[in-house]
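Here the structure is laid out as structure tokens; the discussion comes afterwards.
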Amino acid sequence: MKYILHIDTSTDVAVVAIGGDGNLLSSRVNTEARNHAAVINANIASALEEAGIQLKDLSAIALCGGPGSYTGLRIGMSTAKGLCYALGIPLLMHNRLLLMLLPYLHDNKNPHDIYSVIVPARDKEYFVASYNEKLESIVEPQHVNEGQLEELLDNSAETWLVLYDEHLKETIIVNKEHVRETAANRLDLSNWCTYIYDEYNCNRIVKMDYSEPFYLKSVYTHNKLKTN
């Protein structure tokens, strides 16, 4: 059996999970954002124990590479790379926007031409990406403002499924005939495990020396106050 460790520290809720031949075997969740670095190794050890395996049994590591929290992304990346180098196993990495869509792609009762994800960046700014049912990119993952998002949704005659972070439920009201909306903000671990197993079998790994998180936006800093 091929065992793959999945790591997502891109949001306030950090998840580690173990997949075996594409099936979810175990998972651990940490809801304290400031504590991700302190608990990630313990959570990995606990998830491995529940799955009945050890680190040496892993075939690969899958990382949710963002976008998301800068600190969280760095924690996930350093953990994943460190384990990959130590164990001599490959790294698979995908952006969160794509991974969030996985449970919705094969809904035969409600097919759509375009599947899009919107998650918050800053105030009135968003991360957005769109794909077709084959996960071919229609709109590359990008950082947009409110006006750009509106324009993106307007300039289409195709049917859309827009998946947005539930924290945006009160602020994003698409209200367009060709768009169906739904709210979600967590990855579906079972679908992630299945998808990653297929990616692993197709050898779609990343070059660790050149890999970095999908930040999609520059670091936000406040201007220093001038003092006399």
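The values are calculated or read from the model by the stated rules, or taken from the named source; none is laboratory data. Note that the structure is predicted; figures quoted are calculated from it, not measured. FYI the Cβ positions are ideal-geometry reconstructions off the backbone, even for glycines, and counts take in every protein chain you see.
Out of the range 20-40, which residues are exposed (fewer than 13 other Cβ atoms within 10 Å of the Cβ) and within 20 Å of the chain's Cα centre (by Cα)?
Asn23, Thr31, Glu32, Arg34, Asn35, listed by residue number.
Just to verify a result, which residue in the range 192-216, among those that are touching a Pro at 6+ places or on another chain (Cβ under 7 Å) and modelled with pLDDT under 95, is surrounded by the fewest Cβ atoms within 10 Å (Cβ to Cβ)?
Among residues in the range 192-216 that are touching a Pro at 6+ places or on another chain (Cβ under 7 Å) and modelled with pLDDT under 95, the one surrounded by the fewest Cβ atoms within 10 Å (Cβ to Cβ) is Tyr215.
Given the criterion among the basic types (Lys, Arg) and touching a strand residue (DSSP E or B) at 6+ places or on another chain (Cβ under 6 Å), identify the matching residue among Arg122, Arg96.
Arg96
So how many residues does the range 28-54 have that are touching a residue at least 24 places away in the same chain (Cβ under 8 Å) and touching a helix residue (DSSP H, G or I) at 6+ places or on another chain (Cβ under 6 Å)?
Final tally of qualifying residues: 3.
Out of the residues in the range 55-93 that are among the hydroxyl-bearing types (Ser, Thr, Tyr) and out of contact with any helix residue (DSSP H, G or I) (no Cβ under 6 Å at 6 or more places or on another chain), which is surrounded by the fewest Cβ atoms within 10 Å (Cβ to Cβ)?
Result: Tyr85.
On the given criteria, is Ser26 part of a loop (DSSP other than H, G, I, E, B) and under 28 Å from Asn203 (Cβ atoms)?
Here the answer is no, as Ser26 does not meet what is asked.
Determine, yes or no, whether Ser59 is closer than 19 Å to Ile205 by Cα, polar (S, T, N, Q) and not in a helix (DSSP H, G or I).
yes
Among the residues that make up the range 18-28, is at least one of them farther than 16 Å from Tyr197 by Cβ and out of contact with any Cys (no Cβ under 8 Å at 6 or more places or on another chain)?
The answer is yes, given that some residue of the range 18-28 is farther than 16 Å from Tyr197 by Cβ and out of contact with any Cys (no Cβ under 8 Å at 6 or more places or on another chain).
Out of curiosity, is His143 at pLDDT below 80 and surrounded by fewer than 19 Cβ atoms within 10 Å (Cβ to Cβ)?
no
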